[in-house]
Amino acid sequence: MNDMTGNGMTLPEIDPRIKLAATILISLACASARFPGLILFSSLLIFLIIYHGPPYTLHIHRLIPFFLILCGLFLTRAITVNDIGGGAWIDVTLTADSVKNGLLICWRLIVVTLAGIMFISTTPMFQIKAGIEWFLMPVPLVSEQHISTLISLMVRFLPVILEETQKVRDAQQARCIHARKNPAARVMHLAVPVLQRAILTADRLTDAMQSRCYTENRTRYALRATRTDWMALGIILGICFLSILV
C-alpha cells in the first residue's frame, strides 16, 4: 500500500488499532459472506502474503491439526447419515448443497485464521497490547490494562505450547509410543506432559515477573494513525460491505 505522497508503507507500519479493527471486521463479514465475498477476502490476503512475504508464524506442519479439524468439519457438513430399516441399514448420502455448505464453512474459517495470523505476525506484542487497551478504555468497570496483559501473555504462550508439543511428540516417537493402537492412550500420553510443561513454564514466568516487580501500570505506547492508516481501514470497510452484498 502506498500513501498519497507515493511513499510505500508496509503492513507492520500500519497503526495496530487499524489492523485490529480490520481483523475484527473481516471476521464478522466472513460470518455472512458467500463464495464471491470469500473470493474477495482470499484475494486480499493472498496479495498481502505475496507483497509482504509469508508470515513467519505460518508453518504448514504446525497447521496440520487445523487442517484435520477442517476435514472433519467438512465431512460432518457434507455427509448425511440416515437410519433406515430400524437401525439395520444406514443410508449415507452426499448432495451438492451439503458439499457447498461444508466448503463454505471451511473457507470462512481459513480466511479468518489467515487474517489473524497476518495480524499477529506483523504486529509486535506491545502494539497489540496498546491497541487492546485503547479499544477497552471507554468500557466501564473493565481494567483495560489487566485484560490486555492477559491477552498478550496468552498470545506469547501459543508458540511456546506448540514448541513443547513438538518436543513431546518427538520424544514419544523415539520411544515408539505413537505406535500404540489405543488412540485414547496416545492422546493422554501427549496431553498430560504438554499440560505439565505449560503449567511449569507459567509458574516460572510468574516468578520472573514478580521478582522484577512487574506492574500493569506501565508507560503506554504512543499510538498515531496517519492518512494511510485511515485509507487502509476504508479499503477494508469497502471490501467487507461488498462481500456481504455480492
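The values are calculated or read from the model by the stated rules, or taken from the named source; none is laboratory data. Just so it is clear, the model here is predicted, and its values are computed rather than measured. Quick reminder, even Gly has a Cβ in these numbers, built from the backbone with ideal geometry, and neighbours come from all protein chains shown.
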Take Val194 and decide whether it is touching a Lys or Arg at 6+ places or on another chain (Cβ under 8 Å) and either modelled with pLDDT of 85 or more or assigned by TED's automatic domain parsing to the domain that holds Thr23 (or both). no
Going through the stretch 21-33 in order, the residues found to be in contact with a Ser or Thr (Cβ under 8 Å, 6 or more places away or on another chain) and surrounded by fewer than 21 Cβ atoms within 10 Å (Cβ to Cβ) are none
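Identify the residue in the stretch 27-50 that is not in a helix (DSSP H, G or I) and not hydroxyl-bearing (Ser, Thr, Tyr) and, among all such residues, is farthest from the chain's Cα centre (by Cα). Don't jump to the end; show me each part of the working.
First pass over the stretch 27-50, keeping only residues not in a helix (DSSP H, G or I): 31-34.
Filter once more, so that each one left must be not hydroxyl-bearing (Ser, Thr, Tyr): 31, 33-34.
Values: Ala31: 15, Ala33: 18, Arg34: 20 Å.
Among residues in the stretch 27-50 that are not in a helix (DSSP H, G or I) and not hydroxyl-bearing (Ser, Thr, Tyr), the one farthest from the chain's Cα centre (by Cα) is Arg34.
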Identify, from the list Phe67, Phe47, Phe119, Phe35, the residue that is assigned by TED's automatic domain parsing to the domain that holds Thr228 and modelled with pLDDT of 90 or more. Phe35
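Among the hydrophobic types (A, V, I, L, M, F, W, C), surrounded by 15 or more Cβ atoms within 10 Å (Cβ to Cβ) and over 28 Å from Leu28 (Cα atoms): does that describe Ile236? Working first, answer last.
Numbers: among the hydrophobic types (A, V, I, L, M, F, W, C): yes; surrounded by 15 or more Cβ atoms within 10 Å (Cβ to Cβ): yes; over 28 Å from Leu28 (Cα atoms): no.
No: the conditions fail for Ile236.
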Would you call Ala174 outside the structural domain of Phe119 (by TED's automatic domain parsing) and hydrophobic (A, V, I, L, M, F, W, C)? yes
Tabulated pairs, the stretch 176-194, first within 18 Å of Leu162 (Cα to Cα), second among the acidic types (Asp, Glu), C-beta under 6 angstrom, 6+ apart or interchain: Val194/Glu164
Hey, does the stretch 205-228 have a residue that's surrounded by 15 or more Cβ atoms within 10 Å (Cβ to Cβ), assigned by TED's automatic domain parsing to the domain that holds Arg108, at pLDDT 85 or above and over 24 Å from the mean Cα position of the chain (by Cα)? yes
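When you check Ile147 against the structure, is it within 30 Å of Ile26 (Cα to Cα), surrounded by 11 or more Cβ atoms within 10 Å (Cβ to Cβ) and either in contact (Cβ under 8 Å) with a residue 60 or more places away in the chain or out of contact with any Phe, Trp or Tyr (no Cβ under 9 Å at 6 or more places or on another chain) (or both), yes or no?
Values: within 30 Å of Ile26 (Cα to Cα): yes; surrounded by 11 or more Cβ atoms within 10 Å (Cβ to Cβ): yes; either in contact (Cβ under 8 Å) with a residue 60 or more places away in the chain or out of contact with any Phe, Trp or Tyr (no Cβ under 9 Å at 6 or more places or on another chain) (or both): yes.
For Ile147, the condition - within 30 Å of Ile26 (Cα to Cα), surrounded by 11 or more Cβ atoms within 10 Å (Cβ to Cβ) and either in contact (Cβ under 8 Å) with a residue 60 or more places away in the chain or out of contact with any Phe, Trp or Tyr (no Cβ under 9 Å at 6 or more places or on another chain) (or both) - is met.
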